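Colleague: I'd like to ask some things about the structure below.
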Amino acid sequence: MTSDNAPLDRIRKLLAKAEAHGVTPAEAEALTGKAAQLMARYGIDRALLAATRPETDQPADRLIVIPSPWAAVQAHLLCGIASAMRCRCILLNGAASAAQVHIFGYACDIERAEVLYTSLLLQMHHALAATPAPAGTRSVRAWRRSWLLGFITAVIGRVRAAEERAADQVAAEPPASGTPGAAVVLASRQQVIARRAQQAYPVTRKGRVTYSGSGYRDGYTKGAQADIGTGRLTRRPPVSLR
């Protein structure tokens, strides 16, 4: 990519602070708003730039392998973040010890999703390690899985809300002379990515994540404080996670 990445560097620094040990929930929550705001606006600015200078941000795709433990759960986090950032994700069948996610999107949006996913993954596991299962829990593994899914649900919702707010704010601004509005640009980009994903995987099935265990609410609470700055390639079609 050829544009200035200073905003993304600033986002990385904010996320690094959130990943540090000793950060309080209040501090992490403050970092959350700033990182999310910068991340969302950066993505839209890059999209608008590419509308007049296509060479600055081209459609791309990336295959990401996620090792265990918790490979499927971590893939859910990655797909949720990427989808909120206007990418299209296909969850593939990998080895028993890993998950594979094929992400389709514009290069900037894939990069944004990877930066945020890497940070949130670290934050999530730090928080889980510091949260013991309640006494009397029948299945600690089930409790931890539901905790992780609660965390993921919260952070995906926050990322999606930040992206939508940024899009609404930019849409309310008058477009530059001779350029399409933000809503038109973003809709066009999503159509391009949808076509590319469909061409690569003509037949997919929708996937749904279920959980058991009582940790969901506690995980959701932690996810609300985090800094945010399935299918198989066998005889069954892959899952499209939008």
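The values are calculated or read from the model by the stated rules, or taken from the named source; none is laboratory data. Computed from a prediction, not measured in an experiment: that's the story for all the values here. Neighbour counts run over all protein chains shown; Cβ positions are idealised from the backbone, glycine included. Note: accessible area is taken over every heavy atom of the protein model, side chains too, but ligands, DNA and RNA are not part of it. Shrake-Rupley method; radii C 1.70, N 1.55, O 1.52, S 1.80 Å.
Colleague: With the condition kept exactly as written, say whether any residue in the stretch 103-126 is modelled with pLDDT under 85, part of a helix (DSSP H, G or I), of a type in the set (D, E, K, R) and closer than 21 Å to A18 by Cα.
Modeller: No: the stretch 103-126 contains no residue that is modelled with pLDDT under 85, part of a helix (DSSP H, G or I), of a type in the set (D, E, K, R) and closer than 21 Å to A18 by Cα.
Colleague: Might you check whether a residue that is hydroxyl-bearing (S, T, Y) and modelled with pLDDT of 90 or more occurs anywhere in the stretch 206-224?
Modeller: Among the residues of the stretch 206-224, not one is hydroxyl-bearing (S, T, Y) and modelled with pLDDT of 90 or more, which makes the answer no.
Colleague: Give just the number: which of (1) open to solvent by less than 30 Å² (accessible area, probe 1.4 Å); (2) touching a His at 6+ places or on another chain (Cβ under 9 Å); (3) farther than 15 Å from H76 by Cα does R112 not satisfy?
Modeller: Of everything listed in (1) open to solvent by less than 30 Å² (accessible area, probe 1.4 Å); (2) touching a His at 6+ places or on another chain (Cβ under 9 Å); (3) farther than 15 Å from H76 by Cα, R112 misses just condition (2).
Colleague: Determine if the stretch 61-83 includes at least one residue that is touching a Lys or Arg at 6+ places or on another chain (Cβ under 6 Å) and of a type outside the set (D, E, K, R).
Modeller: yes
Colleague: Here's a follow-up. Based on what the data block shows, is I193 modelled with pLDDT of 90 or more, within 17 Å of C79 (Cα to Cα) and touching a Cys at 6+ places or on another chain (Cβ under 8 Å)?
Modeller: Criteria met by I193.
Colleague: Moving to a separate point now. If T52 satisfies every condition in (1) open to solvent by 40 Å² or more (accessible area, probe 1.4 Å); (2) polar (S, T, N, Q); (3) under 21 Å from V159 (Cα atoms) but one, which is the exception?
Modeller: (3) is the only condition that T52 fails.
Colleague: Further, regarding this structure: Considering only the stretch 119-134, state which residues are open to solvent by 60 Å² or more (accessible area, probe 1.4 Å) and of a type in the set (S, T, Y).
Modeller: none
Colleague: Considering only the stretch 31-49, how many residues are modelled with pLDDT under 90 and either within 17 Å of T179 (Cβ to Cβ) or open to solvent by 70 Å² or more (accessible area, probe 1.4 Å) (or both)?
Modeller: Qualifying residue count for the region: 2.
Colleague: Would you tally the residues in the stretch 74-90 being open to solvent by less than 10 Å² (accessible area, probe 1.4 Å) and assigned to a strand (DSSP E or B)?
Modeller: Here the count works out to 2.
Colleague: Same structure, new question: Which number in (1) in contact with a helix residue (DSSP H, G or I) (Cβ under 7 Å, 6 or more places away or on another chain); (2) closer than 30 Å to G181 by Cα marks the one condition that I152 misses?
Modeller: (2) is the only condition that I152 fails.
Colleague: Against the conditions (1) in a helix (DSSP H, G or I); (2) open to solvent by 30 Å² or more (accessible area, probe 1.4 Å); (3) out of contact with any Pro (no Cβ under 9 Å at 6 or more places or on another chain), where does T137 fall short? Just the number, please.
Modeller: Looking at each condition in turn, T137 falls short on (1).
Colleague: Can you go through P237, P180, P202, P174 and tell me which one is assigned to a loop (DSSP other than H, G, I, E, B), at pLDDT 90 or above and open to solvent by 10 Å² or more (accessible area, probe 1.4 Å)?
Modeller: From the options P237, P180, P202, P174, the qualifying one is P202.
Colleague: On to the next question. Tell me, please, whether a residue that is out of contact with any Gly (no Cβ under 6 Å at 6 or more places or on another chain) and within 21 Å of Q169 (Cα to Cα) can be found in the stretch 51-60.
Modeller: yes
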